[in-house]
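Take a look at the structure below.
The values are calculated or read from the model by the stated rules, or taken from the named source; none is laboratory data. What you see is a predicted model; the values in this text were computed from it and never measured. No Cβ is skipped: glycine too gets one built from the backbone with ideal geometry, and neighbour counts run over all protein chains shown.
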C-alpha cells in the first residue's frame, strides 16, 4: 500500500503522565499567534478549561482538537507525533518536556527554543527531545512549499504571448480609429438630411449623401471584419503557445507537491483560456474604443453645446455602477470557482471509482454530495447573475435617460436658436456611441472578477515546484558509475510535520540485488520514488553515479533508472503502444519481451493480438495483466538501476516465477535491482535485505543474516511464508 501524506500519526507511545497534563492557554496562545490566528486570552482560557477537566486522562491530540473546536476553529487539523519524526521546518509546535507542555520553535541550526508556561525561554539540543510527544496543527498560513516570485506570472504569460508581435495592435488601433471616425459620418448624414434635404426636398443632395454613406458602410464592414480576424488569429496563436507551456509545466510538476485533487488540477488549466479571451478583447476596447467616448462627447459639444453635459453627467455614474458591481462580485466569484473545482474533482473521483461506489451501495452518498455542491454553486450563480443583470439593465436605462435628457436640453437649445433639428438628431445618435462603450466597460469590470479568479488559479499552478528550475543548467554526463548513494536524506510531504523518510547514509553498489521489507506505511514506496527522482528530499542528497540526481538531466535519469510504481496505470491505446509507451522501440524487442513475461498469451487470446484495444486506466485487462504490461516497459528500457515496487503483487505463483526468472535472465550482472515487497520468498534472488520501519532502515545485511535476527518477521510485519 502506497504511503499517503497524512497529518495524523497513529504512533502514540506516551507515558501516562502525558494523558493528565493540561495544555495551558499561555503556550497554546503563543502557538496560535505565530500561525496568524488571533484569539482573546479570556476566550482561550475558557476553552482550555472546558475541554480539559482536571485529572481526566485524555490523549493530547484530543485535548487540542477539543480546544480548537471550542474556539470555532474546526478548519485547523491537529496532529500528534514523536519529536524524532517531526519535520523541524514545520515548527513552531508544542512539545512535552519536563512534565509540561512547552512552546518550541527553531533557534539556531543546532538548537531549538523552548518556552514553558510561566518560565523564561531557553535553548535546548534537539536530541534531548527525541522521544517527546509533539502537538502541531496546520494553520491557515501553512501551505505547500512553492517557488517564490510567482505572483502575477499568469498575467505576464498571457501578456507576453499577446505582445510577442506588436504589429497587430497598431493594425487594430488604426482600424478602430477609422471605424469611430466613420461613426461620426452617420450622425452628420442624419443632420444633413434633416437640415438640408427635408426642408427643400433636395433629392440630388440626398442621392449624393446616400452614395457617400454606401461607401462608408462598406468600408466600416471591411474594417470590422479585418479587426475580428486579427483578434481571432491572435487568440488562436496565444492558445496554442500558452496551452503547451501550461501542459509542460504540469508534466514537470514535482509529484510530492502536486494537488491531491485531480479535478482541481485540471480546473487550473481553464483559468488562462478565460483570461486570454478577456485580455485580447479588453486591450483593444480600453485603449481604443473607450477613449473615443471623450471624442464623441467633444463632437456633441461642438454640434449641440449643452447637450453634451447630459452625457458628461451620466458617464461617471455608469463607471461607478460598474465598480460597485465588481466589488460585490469579488467574493462570489472566488467561492463559485472553488466550489466548481470541488465539484469537478468529485465527478472525476466518482467516474474512476464507479465500481466501488456501486458495490458498496454508496451511490446515494455521492449523489447527495453532488447535489449539495450543485445547490451551493447554483446559489452563488444566481447571486452573480442577479448583480450582473441589475448592473446591465441599469446601464441600459442610463442610455434611455441620456436620450431623453438630450432631447429635453436640445429643445431648449433649439428655442434659443443654437441648435437645429438635424443637429439634435445627430447628437442623439452620437450619444448612443458614448453610452454603449460605457455599458461595455461595465460588463468588462464585472467579467474581470471571474478572470481574476482564473488567473489566481493559474498563478497557484505556476507557483508549484517543478522537477527542475527554469534557469537550471542540468548535467548530461557520458558515463556514470553504477552506484546509488543517500546521505542525510529526510523527506516530509507538504503540509505534514511527519518525517516519512529518515536515512542518514545508505549505498547501493553495482550488482546489488536488494529486497526492501517492512509493514504497510513504513515508507517503502516513498523511498523508491525518492531514488527514482520523482520525489525531492526535504533534506540531504540522492546521488546517482556520485552525482546529485537533482542536477542530472531528466533524459539521463530515464536512461539509467527504471521505476515500476505500485499503482500501475495504462493509457488509452493498444497493448503494443502501452508496452512501448516511450516510443522508438523495435518490434523485435516488443515481441521478445512479450514472450519473456508471458504477455504473448494475453495477445493470443484476442483476435487483434498486439493491437488489443486498451481503454483509460487499463480497462479490459486484469490486475496481473496490467502488472506484466508495466513490467515490460522497464524490461524494454534496460535501465542500470531497477526500482520495482511490489512487482508480483497481482501475479499468481506461475506468473511470479516467470517474472523472477525473466529478471535473472534480463538484468545485467552490474545492474542494481531494488525491490519493495511483502513477500520474503523473493529473497532467493537477493544478496541483500533491508528492513524499513517508520521511514528508517532498521536492518541491512545478507538475507540469511537479516532473517536470523530475533523478531525479524514481527519487525517487518511479514506473514509466515509457506511457499
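List of remarks:
- Selection status of residue 534, surrounded by fewer than 20 Cβ atoms within 10 Å (Cβ to Cβ), in the same structural domain as residue 640 (by TED's automatic domain parsing), closer than 30 Å to residue 624 by Cβ and modelled with pLDDT of 85 or more: yes
- Qualifying positions in region 550-567 - at pLDDT below 90 and crowded, with 22+ Cβ neighbours inside 10 Å: 552
So that you can scan it fast, the table gives a plain yes or no per residue for (1) more than 23 Å from residue 164 (Cβ to Cβ); (2) assigned to a helix (DSSP H, G or I); (3) assigned by TED's automatic domain parsing to the domain that holds residue 437; (4) at pLDDT 65 or above:
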| residue | (1), (2), (3), (4) |
| --- | --- |
| 260 | yes, no, yes, no |
| 272 | no, yes, yes, no |
| 288 | no, yes, yes, no |
| 297 | yes, yes, yes, yes |
| 313 | yes, yes, yes, yes |
| 316 | yes, yes, yes, yes |
| 322 | yes, yes, yes, yes |
| 332 | yes, yes, yes, yes |
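Matching residues to (1) in the same structural domain as residue 343 (by TED's automatic domain parsing); (2) over 30 Å from residue 242 (Cβ atoms); (3) out of contact with any helix residue (DSSP H, G or I) (no Cβ under 7 Å at 6 or more places or on another chain); (4) outside any loop (DSSP other than H, G, I, E, B):
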site	(1), (2), (3), (4)
358	yes, yes, yes, yes
369	yes, yes, no, yes
376	yes, yes, no, yes
385	yes, no, yes, yes
392	yes, no, no, yes
414	yes, yes, no, yes
417	yes, yes, yes, no
431	yes, yes, no, yes
436	yes, yes, yes, yes
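- When residues of region 497-524 are limited to those that are modelled with pLDDT under 90 and part of a strand (DSSP E or B), the one nearest to the chain's Cα centre (by Cα): 498
- Within region 76-87, being farther than 15 Å from residue 61 by Cα and either surrounded by fewer than 18 Cβ atoms within 10 Å (Cβ to Cβ) or not assigned by TED's automatic domain parsing to the domain that holds residue 33 (or both) holds for one residue alone: 84.
- Pair list, Cβ under 9 Å, 6 or more apart: region 215-244 residue surrounded by 11 or more Cβ atoms within 10 Å (Cβ to Cβ), other residue outside any helix (DSSP H, G or I): 234/165; 237/164; 237/165; 238/164; 241/164
- Any hit, region 336-345, residues being under 30 Å from residue 408 (Cβ atoms), part of a helix (DSSP H, G or I), assigned by TED's automatic domain parsing to the domain that holds residue 418 and without any contact (Cβ under 8 Å) to a residue 60 or more places away in the chain: no
- All conditions but one from (1) in contact (Cβ under 8 Å) with a residue 12 or more places away in the chain; (2) over 31 Å from the mean Cα position of the chain (by Cα); (3) more than 24 Å from residue 490 (Cα to Cα) apply to residue 96; the one that does not is (3).
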